[in-house]
Amino acid sequence: MRQITRLIVDSREKGDFPKRLIAELGAEVMALGAGDVWIPKPAGFIIIERSTYSDFAGKLMSGRIW
């Protein structure tokens, strides 16, 4: 299994989640255009979007998720 060598956390994320990623995994912080966390890969990125159910449903309905 390959290890994740780099994480990037959106600078607008609040709360314990981004703080823990930074402290425990050495995540970088920058303003991301999409998603809350990026995992760089050779052919692009894995983008993780953290949302409540209602926020996610609203993003789907408005088309913002795509």
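The values are calculated or read from the model by the stated rules, or taken from the named source; none is laboratory data. Since the structure is predicted, the reported quantities are computational estimates derived from the model, not experimental observations. All Cβ positions, even for glycine, are placed from backbone atoms using ideal geometry, and neighbour counts span all protein chains on display. For the accessible areas, the whole protein counts, side chains as well, though only heavy atoms, and no ligand, DNA or RNA atoms are used. Shrake-Rupley method; radii C 1.70, N 1.55, O 1.52, S 1.80 Å.
Selection among PHE56, ALA34, PRO18 by position relative to the dipole of the chain gives ALA34 as farthest towards the positive end (Cβ unit charges, Cα centre). Working note: Karplus 6.51/-1.76/1.60 with θ = phi - 60° gives region 20-25 the couplings 5, 4, 5, 5, 8, 10 Hz, where Gly and Pro are set to x. Ellipticity at 222 nm from helices only: DSSP H runs of n ≥ 4 in the chain, each -39500 (n - 2.57), divided by the residue count, give -9000 deg cm²/dmol. For the chain, a crude dipole built from +1 on the beta carbon of Lys and Arg and -1 on the beta carbon of Asp and Glu, taken about the Cα centre, is about 120 debye to the nearest 20. With a Förster radius of 30 Å applied to the C-beta separation of SER54 and THR5, the computed FRET efficiency comes to 0.30. Axis angle, to the nearest 10 degrees, between helix 53-62 and the longest C-alpha principal axis of the chain: 70 degrees. Ranking of GLU28, GLU13 by solvent-accessible surface, largest first: GLU28, GLU13 (1.4 Å probe, protein heavy atoms only, all chains present).
Size descriptors for the chain: radius of gyration and Dmax over Cα atoms are 12.9, 37 Å. Within the accessible area of the chain, what % is carbon and sulfur when the probe is 1.4 Å and the other protein chains stay in place? C and S atoms contribute 58 percent here.
For the chain, DSSP calls about 70 percent of its internal beta bridges antiparallel. Per residue, the chain exposes an accessible area of 80 Å² to a 1.4 Å probe, with every protein chain left in place.
Using a cutoff of 8 angstrom between alpha carbon atoms and counting only pairs six or more residues apart, the relative contact order for the chain works out to 28 percent.
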